[in-house]
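In what follows, a single structure is set out as structure tokens and then discussed.
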Amino acid sequence: MQAAATRMAKELRMLQSDPPPGVWAAPVGDSFSQLEAQVQGPKDTVYEGGLFKLAVDIPARYPFEPPKVKFVTPIYHPNIDAEGRICLDILNMPPKGAWKPSLNVSTVLASIGLLLAEPNPEDGLVTDVTAEYKHQRQVFDAKARQWTQRHAMQQSAGSGGGMAAGAGQQQEQQEQGPAAAGSGGKETSQSGPAGGKQQQEAPAEAAGAPEAAPADEQQLQQQQQQAKRPRLALRK
């Protein structure tokens with residue numbers, strides 16, 4: 001066990017100084033017999049954007065025995081079952097497997113990342129998922145994306161972005177609110193007096209109509225008087 005701890009201490013230093021892309025690992029507590037690891041979903045795959053957690057158990061005979069690795073984060077994959085067990089040759093001893101003491105945890109985690117990018121349907125662990133991957137690829141892709149979004153996306157980052165967007169919209173409405181209210185009030189104040197002026201002018205015009213009537217009557221009376229005067233002169 002001491003040899004395994006010494007080996008793991010060296011490997012962890014290597015992981016910290018020169019980790020494979022998208023891979024992270026650290027001991028659980030002060031023991032090197034258990035590690036927690038994370039693998040990022042490869043780009044341009046159905047697992048992109050996901051962060052998958054794994055549990056790594058280091059056996060006492062390591063590196064002469066392979067580490068035991070399983071997924072903690074649920075994943076929809078033909079080579080990974082519901083218990084998180086992984087069908088990967090370097091995780092098994094020969095003759096069925098391909099583990100050898102020259103390999104290490106960094107290599108194992110990097111190989112798991114490659115397995116996410118390129119599943120191996122010829123050595124499937126889950127029968128129905130493997131069949132979907134082979135014969136109904138669109139169905140498989142849709143389910144794998146749904147599982148990734150549901151289980152492997154960081155919910156805090158997603159919800160934080162939504163709250164930030166909501167706060168931004170609220171701030172924008174508050175900034176636009178006084179301007180909109182001011183412009184509305186301005187239009188109201190402009191239209192109000194204009195409307196009042198029109199209403200005041202209308203009665204003046206209406207009142208002018210009756211005044212025209214007496215003028216017409218007076219003119220008519222003058223014409224009548226002028227018509228009568230010559231007749232009176234002829235009688236004289």
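The values are calculated or read from the model by the stated rules, or taken from the named source; none is laboratory data. Predicted, not measured: the structure shown is a model, and the values here were computed from it. Virtual Cβ from ideal backbone geometry, glycine too; neighbours counted across all protein chains shown.
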When residue 142 is evaluated against the numbered criteria (1) closer than 30 Å to residue 4 by Cα; (2) surrounded by fewer than 18 Cβ atoms within 10 Å (Cβ to Cβ); (3) among the aliphatic types (A, V, I, L, M), which criterion, by number, is the only one it fails? (1)
Matching residues, region 82-92, being within 29 Å of the chain's Cα centre (by Cα) and either surrounded by fewer than 17 Cβ atoms within 10 Å (Cβ to Cβ) or not in a loop (DSSP other than H, G, I, E, B) (or both): 82
Considering each residue of region 93-118, count those that are in contact with a Phe, Trp or Tyr (Cβ under 6 Å, 6 or more places away or on another chain) and not in a helix (DSSP H, G or I), and give that number. 2
Somewhere in region 144-151, is a residue in a loop (DSSP other than H, G, I, E, B) and of a type outside the set (Phe, Trp, Tyr)? no
Select from region 37-88 the residues that are hydrophobic (A, V, I, L, M, F, W, C) and within 19 Å of residue 139 (Cα to Cα) and list them in ascending order. 46, 75, 80, 82
For the structure I just gave you, tell me whether residue 74 is in contact with a helix residue (DSSP H, G or I) (Cβ under 8 Å, 6 or more places away or on another chain) and under 26 Å from residue 46 (Cβ atoms). yes
Of all residues in region 49-81, how many are under 21 Å from residue 15 (Cα atoms), touching a residue at least 60 places away in the same chain (Cβ under 8 Å) and surrounded by 19 or more Cβ atoms within 10 Å (Cβ to Cβ)? 2
Name the residues in region 7-22 that are part of a helix (DSSP H, G or I) and at pLDDT 90 or above, would you? 7, 8, 9, 10, 11, 12, 13, 14, 15, 17
Kindly indicate whether any position in region 17-25 is in contact with a strand residue (DSSP E or B) (Cβ under 8 Å, 6 or more places away or on another chain), on the phi > 0 side of the Ramachandran plot and surrounded by fewer than 20 Cβ atoms within 10 Å (Cβ to Cβ). yes
Restricting to region 15-55, give me the number of residues that are of a type in the set (Phe, Trp, Tyr) and out of contact with any Ser or Thr (no Cβ under 7 Å at 6 or more places or on another chain). 2
Give the residues of region 29-44 that are in a loop (DSSP other than H, G, I, E, B) and either surrounded by 13 or more Cβ atoms within 10 Å (Cβ to Cβ) or touching a helix residue (DSSP H, G or I) at 6+ places or on another chain (Cβ under 9 Å) (or both), sorted by residue number. 31, 32, 33, 41, 42, 43, 44
State whether the residues of region 118-126 include one that is surrounded by 12 or more Cβ atoms within 10 Å (Cβ to Cβ), at pLDDT 95 or above, closer than 22 Å to residue 24 by Cα and not β-branched (Val, Ile, Thr). yes
